Amino acid sequence: MVAPSIRLYSYWRSSAAYRVRIALNLKGMAYETMPVHLLRDGGEQHQPPFSDLNPQELVPVLMHGNRILRQSMAIIEYLDETWPSPPLMPATARDRQRVRSLSQMIACDVHPLNNLRVQQFFEKTWNVPQAERDLWTRHWIKVGLDAMEDSLCDHPSTGAFCDGEQPTMADCCLVPQVYNAERFGVDMAPYHTVRRIVQTCLAMDAFDAARPENQPDAPSGD
């Protein structure tokens, strides 16, 4: 698919940007990655020109021509409505509600508790030791994955993917969260359905190309 003037402001290890990369790849859309280093010089997200694009000073931002699109979930739904094939949302209202619910379990309830700015506040404002920050992060990831596993396991709508037999927005959210879980040393053994779905996803080129280590701004050898 030809998709001119698509630019994604991204950081290689941002799970929110990771979601959008997956969605773009699933749509078969060409895009230009605009790296925003979240750590260098105090964080490039806090500096112009990026802070002019997003007053929240968060990635991702998607530029479609002159349009400035923010918030990963809203970006994914924009992509799905603008380029409907292949769809990232199911056909019925009931199934769309389920996909949004699964997606928001991660994007609204798990990810905000362990993202970079929370980690930095603990470290720089409260002087919380690394071991305690990691414990906090693992706790909330486990709480979220417990609920996700229960929501997916044996549910009649769960198929090869979170909902049915093709990837949806829920899979775009799940795969980055599992990447974070593994990064922080969460024991993934209890999450049989989650692991099966993630393995299925990562076998697809669209998901594989979106992996953090495959991004142009990923540190070499990391």
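The values are calculated or read from the model by the stated rules, or taken from the named source; none is laboratory data. Keep in mind that what you see is a predicted model, and the values were worked out from it rather than measured. Please note: Cβ atoms are built from the backbone with ideal geometry, for glycine as well, and neighbour counts cover all protein chains shown.
The table for this structure:
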read-out	value
Looking only at the stretch 164-222, and only at residues there that are over 26 Å from Y31 (Cβ atoms) and aromatic (F, W, Y), the one that is farthest from the chain's Cα centre (by Cα)	Y191
Given (1) under 21 Å from L174 (Cα atoms); (2) part of a helix (DSSP H, G or I); (3) in the same structural domain as A23 (by TED's automatic domain parsing), number of the condition D41 does not satisfy	(1)
Lone unmet requirement of (1) at pLDDT 95 or above; (2) out of contact with any Asp or Glu (no Cβ under 9 Å at 6 or more places or on another chain) for H192	(2)
Condition met for S51 (hydroxyl-bearing (S, T, Y), over 19 Å from the mean Cα position of the chain (by Cα) and not assigned by TED's automatic domain parsing to the domain that holds H111)	yes
Counted residues, the stretch 58-95 - those being assigned to a strand (DSSP E or B) and free of Cβ contacts under 8 Å to residues at least 40 places away in the same chain	4
Hits in the stretch 90-115 (condition: buried (at least 17 other Cβ atoms within 10 Å of the Cβ) and within 16 Å of the chain's Cα centre (by Cα))	V99, R100, L102, S103, M105, I106, A107, V110, H111, N114, N115
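Yes/no per residue for (1) touching a helix residue (DSSP H, G or I) at 6+ places or on another chain (Cβ under 6 Å); (2) modelled with pLDDT under 95; (3) among the small types (G, A, S):
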site: P156; (1), (2), (3): no, no, no
site: A170; (1), (2), (3): yes, no, yes
site: V175; (1), (2), (3): yes, no, no
site: V178; (1), (2), (3): yes, no, no
site: F207; (1), (2), (3): yes, no, no
site: A210; (1), (2), (3): yes, no, yes
site: G221; (1), (2), (3): no, yes, yes
